[in-house]
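Asks: The structure that follows is given in the form of structure tokens.
The values are calculated or read from the model by the stated rules, or taken from the named source; none is laboratory data. No experiment lies behind these values; they were computed from the predicted model shown. These area figures cover heavy atoms from the full protein model, side chains too; ligands, DNA and RNA do not enter into them. Shrake-Rupley method; radii C 1.70, N 1.55, O 1.52, S 1.80 Å.
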Amino acid sequence: SLFLTGGVPLTSDGWVASPDGAFMEEGDRVGVVWDRRWYPVEQTVRDPLTGIVFFKVRASGFPLTPFSRSESLQRGDLLIGYDHSGAFTRVSVASVRMVEAPDAVHSSERIDAFPRIDEVPSGMPMFNARGELVGMSLGGEKLLPAKFIEDALKMILKEGKVRRPFFG
């Protein structure tokens, strides 16, 4: 069995996003624990651009996660992250400049840079003071903007997969 760390519920009907899915092995029994209950994963969809894996579990009543725009972040803004144990971490925006992403995927939606935050573990969802998802930590000082998560979720809900235009 694989326990997802740092995932974030996105829809009330059971869509959850996590970078941990990138480490799944074929045949792993994957599930999400929410409110002390195990939900087996029915479907997985990987975003080839971000590496984020979206998991669909049979559920209802999951909390809706509102999205924010990371473009509105300012240096010194306080962000709150939480890990798989439920512990909260306070993080500040270190720079409104972007940190280069040397391993960016070549796509017309290429992620060339990430907002820079204090260093936190990979996969930690980051929220602003209004409780809106600003992004997800990709390890080190990189924050994947919530826009990429939101756009991928919209594609999954509409088409059942994430389509990203690639060069080549």
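Asks: Just how much of SER92 is accessible, in Å², when a 1.4 Å probe is used and the result is rounded to the nearest 10?
Replies: Its heavy atoms expose roughly 40 Å² to the probe.
Asks: Which order do TYR82, TYR39 take when ranked by solvent-accessible area (1.4 Å probe, heavy atoms of all protein chains), largest first? Kindly include the intermediate steps, with their values, before the conclusion.
Replies: Values: TYR82 45, TYR39 20 Å².
Accessible-area ranking of TYR82, TYR39, largest first: TYR82, TYR39.
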